[in-house]
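**Q** Sharing a structure with you now.
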Amino acid sequence: MARIPPIRMGLSRRDFLKICTIATATMGLPVEMVDKVAAAVKSSERPPVIWLHFMECTGCTESLLRSSHPPLARLILELISLEYHETLMAGAGEQAEEALKEALKKYKGRYICVVEGAVSTKDGGIYCQIGGRPAIEILRTVGEKAGAVIAIGTCASFGGIQAAAPNPTGAVKVSQVLSRPVINIPGCPPNPYNFLSTVLYTLTFGHPPELDDLSRPKFAYGRRIHDQCPRRPHFDEGRFVESFGDPAHQQGYCLYKVGCKGPVTYSNCPVQRFCDVGAWPIGSGHPCIGCTEPSFWDRMSPFYEHLPKIYIPAGGGIRVEAEKAGRVAVGAAAAVVAAHATIGAAKKVLKSISGKEKDQEE
Amino acid sequence: MVKKDKEILYRRVFVWSWALRLFHWSFALSCAVLLLTGIYIHSPPFTTKWAEFKPQYLMATLRYYHFAAAYVFMAAVAVRLYLLFFGNRYERFTDFLPINRRNIRSLWQSLKFYLYLTDEHEWRMGHTVLAGTIYFLLFMAAIVMSLTGLYMLYPDVSWISKMGVALFGSLQMARFIHYILHWCFIFFVIVHLYIAIWNDFKAPEAIISGAFSGSKFLPAEVEED
């Protein structure tokens, strides 16, 4: 392996290679590619990044920085030249706005625009404003001139909780505002390695990674959680957790019956896991809530049930459990059938009585 | 209504081709398997334990039966869709959908008959329009069931996932639709069985054995329509 000197900001060579190896594995590339990825990190010009925060909780940035295990954040901040990031930048107010304007002018068409959070569109987008400008306007100016646009987190990728019903601010995903391709890195929060690997892939190969039908990198969102889940054998065997804390839960059985959305969720969580400590929801005994899928707040909730509720637009709108509604409807159908048969039988009896009377009269 | 004490001459008419009967019974059997295994897959009422002596593969096995039955189901639906256009005249959609004045009148007549508002049974060679319309809606539901099912079974096959995302948005939505529509099939089984039996009492055409033999019986005085 070529000798790679430690890079700046106290990131040790060991950490650097470790992260490059994990990122390479995340991309689904063989170990021989680690050298190339590492070389690309070192030799390439640091791409300027403008990081926009809209309607979100900053959880994506927080999970990226992960102050308890900083090497990854260091590498990301080394790898890119962060021109504008409201959470991290020292400047504020006029100064910050000036930095954004300058970066736009200086790196026009070359910078990566990373968006965190959904965009309000209702009433001209006045529900999210930064420096007196609505988010939708900022996104249009910054997004259209960018070299590439990456939507990080479920809010930016699919609207997230802001776009969940009743969506009072008319929140939409980034790709709905921009008329250009957007790379989605969904998750609530997304795994920082998925973001890092997407950037590294682009730096190494000069083109973005292959995307799926929802514009997510296939290397990270190409397989279902269910298909890579360590609890899958319990599913196939028919061993299920019935309620939290029961013996089945203590034995680590499948969480399907307590609402696990693993069978309908695409992500590399079971393999990649979080925070360099091997933790992830199902590993900790919690069902997957499907946070990397479109409109998961509406369709994946209730989180501890299998299916969303049925919405009946009667009166003020009623939400019914699909299972209960079905049972009631089938019960009603059976009752109608029984009533129908009874009426028919009763009619026949009545007729035969009246027929007999007629016969007697005759 | 046909009076009991009156002697009636019946004539035997051949209505349902072998293809339609094959469709009917493969559809019926696959629906039964699909509903039973599907209800288990949705919410397994009985489960196994780790301590069991030998592996059961209960969920995996029932899922396998579900998928096997699903192929029979899809093949049956494909046969019926073909017959909708190229079957004999009683199997074509033109015969039993309310698309002309005569059929709309027949629909109204069947509704009244089933609601005990009239005792006048309309003798038809093929399906009554009410039945035909419900069958047609069920075929449409069956197509949606097949598409959502395929999407859930092969979400990683390129064209299927493209179709799934375009039609249903996400796997969860497909799963939701698949679940809601399965209730339609349960309704249908209840009502279909009931009406088949009820009809045998009210208007003895021998339609139950007709589902095997392909022919039914009409009073001799009934004109061919």
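**Q** With just the Cα atoms defining each centre, how far is region A:294-314 from region B:147-225? Give it in Å.
**A** For region A:294-314 versus region B:147-225, the Cα centre distance is 27 Å.
**Q** With a 1.4 Å probe and all protein chains left in place, how much of the accessible area of the protein assembly as shown comes from carbon and sulfur atoms, in whole percent?
**A** Heavy-atom surface of the protein assembly as shown belonging to carbon and sulfur, 1.4 Å probe: 63 percent.
**Q** Could you order the peptides A:332-340, B:163-171 from most to least packed, using the average number of other C-beta atoms within 10 Å per residue?
**A** Highest mean packing first, the order is B:163-171, A:332-340.
**Q** With a point put 7 Å past each Cα toward its Cβ, work out how far residue A:43 is from residue B:209 in nm, to one decimal.
**A** 8.6 nm
**Q** Now a separate question. Express the relative contact order of chain B as a whole percentage, based on alpha carbon pairs under 8 Å and six or more residues apart in sequence.
**A** With pairs under 8 Å counted, the relative contact order is 29 percent.
**Q** Also: For a 22 Å ceiling on Cα separation, which of these pairs sit above it: A:356/B:112; A:348/B:112; A:122/A:173; A:173/B:162; A:356/B:202; A:18/A:108?
**A** A:356/B:112; A:18/A:108
**Q** Report the label-to-label distance for residue A:97 and residue B:200 in nanometres (one decimal), using points 7 Å from each Cα along the Cα→Cβ vector.
**A** Rounded to a tenth, the inter-label distance reads 8.3 nm.
**Q** For the pair residue A:346/residue A:180, report the inter-label distance in nm, with labels modelled 7 Å from Cα in the Cβ direction.
**A** 7.3 nm
**Q** Could you tell me which of B:18, B:204, B:220 has its Cα farthest along the dipole of chain B towards the positive end, charges placed at Cβ (Lys, Arg +1; Asp, Glu -1), taken about the Cα centre?
**A** Checked the options; the winner is B:18.
**Q** Okay, moving on. Which of the chymotrypsin sites (Phe, Trp or Tyr not before Pro) found in region A:185-260 are in a DSSP loop and have at most 14 neighbouring Cβ atoms, other than their own, within 10 Å?
**A** Answer in residue order: A:244.
**Q** Follow-up. Which residues belonging to region A:282-305 lose at least 10 Å² of 1.4 Å-probe accessible area when the assembly is complete, relative to their chain isolated?
**A** Residues meeting the cut-off: A:293, A:294, A:299, A:300.
**Q** Hey, what's the per residue convex hull volume over the C-alpha atoms of region B:182-225, in cubic angstrom?
**A** It is 96 Å³ per residue.
**Q** Tell me, what ³J(HN,Hα) does each residue in region A:90-97 have, in order and in whole Hz, if you take phi through Karplus 6.51 cos²θ - 1.76 cosθ + 1.60 with θ = phi - 60° and put x for Gly and Pro?
**A** Result, rounded to whole Hz: 6, x, 9, x, 3, 4, 5, 4.
**Q** How big a patch of accessible area, both sides summed and in Å² to the nearest 100, lies buried between A and B at a 1.4 Å probe?
**A** Answer for the A-B pair: about 4000 Å² buried.
**Q** What is the Cα coordinate range of chain A on the first, second and third principal axes, sorted by size from largest, in whole angstrom?
**A** 115, 51, 33
**Q** Please give the helix B:101-114 orientation as an angle from the longest Cα principal axis of chain B, in degrees from 0 to 90, rounded to the nearest 10.
**A** Its long axis makes an angle of about 80 degrees.
**Q** Keeping all protein chains in position, work out how much accessible area residue A:97 exposes to a 1.4 Å probe, and write it in Å² to the nearest 10.
**A** 50 Å²
**Q** For helix B:129-153, report the angle its Cα long axis makes with the longest principal axis of the Cα atoms of chain B; keep it between 0 and 90° and round to the nearest 10°.
**A** Value to nearest ten degrees: 10.
**Q** Okay, moving on. Using alpha carbon centroids, what distance separates region A:31-107 and region B:55-120, in Å?
**A** Each part reduced to its Cα centre gives a spacing of 59 Å.
**Q** With heavy atoms of protein chains only and a 1.4 Å probe, what residues of region B:94-142 have at least 30 Å² less accessible area in the full set of chains than alone?
**A** At a threshold of 30 Å² (probe 1.4 Å), the residues of region B:94-142 that become less exposed are B:116, B:119.
**Q** Nearest 0.05, what FRET efficiency do residue A:123 and residue B:78 give at R0 = 45 Å with Cβ-Cβ as r?
**A** Efficiency, rounded to the nearest 0.05: 0.35.
**Q** Around residue B:219, under 10 Å between beta carbons, what's the net of Lys plus Arg minus Asp minus Glu among the other residues?
**A** Once all neighbours under 10 Å are counted, the net charge is -1.
**Q** Can you list the aspartates and glutamates whose alpha carbon is less than 16 Å from that of residue A:145, not counting same-chain residues fewer than 8 positions off?
**A** Partners within reach: A:83, A:102, A:137.
**Q** Put +1 on the Cβ of each Lys and Arg and -1 on the Cβ of each Asp and Glu in chain A; which of A:259, A:72, A:168 then has its Cα farthest toward the positive end of the dipole?
**A** A:72
**Q** Separate question: Quick check: convex hull of the Cα atoms in chain B, volume per residue, rounded to a whole Å³?
**A** Output value, Cα hull per residue: 167 Å³.
**Q** Summarise the partner chain shielding of B:41-48 as one whole number: the mean count of Cβ atoms from other chains within 10 Å of each residue's Cβ.
**A** 5
**Q** Something else: Within 10 Å of each Cβ in A:220-230, how many Cβ atoms from other chains are there, averaged over the peptide?
**A** Across A:220-230, the average partner-chain Cβ count within 10 Å equals 1.
The values are calculated or read from the model by the stated rules, or taken from the named source; none is laboratory data. Bear in mind that the values here come from a model prediction, so they are computed numbers and not experimental data. Cβ: placed from backbone, ideal geometry, glycine included. Neighbour counts: every protein chain shown. Keep in mind that these areas ignore ligands, DNA and RNA; they rest on the heavy atoms of the full protein, side chains included. Shrake-Rupley method; radii C 1.70, N 1.55, O 1.52, S 1.80 Å.
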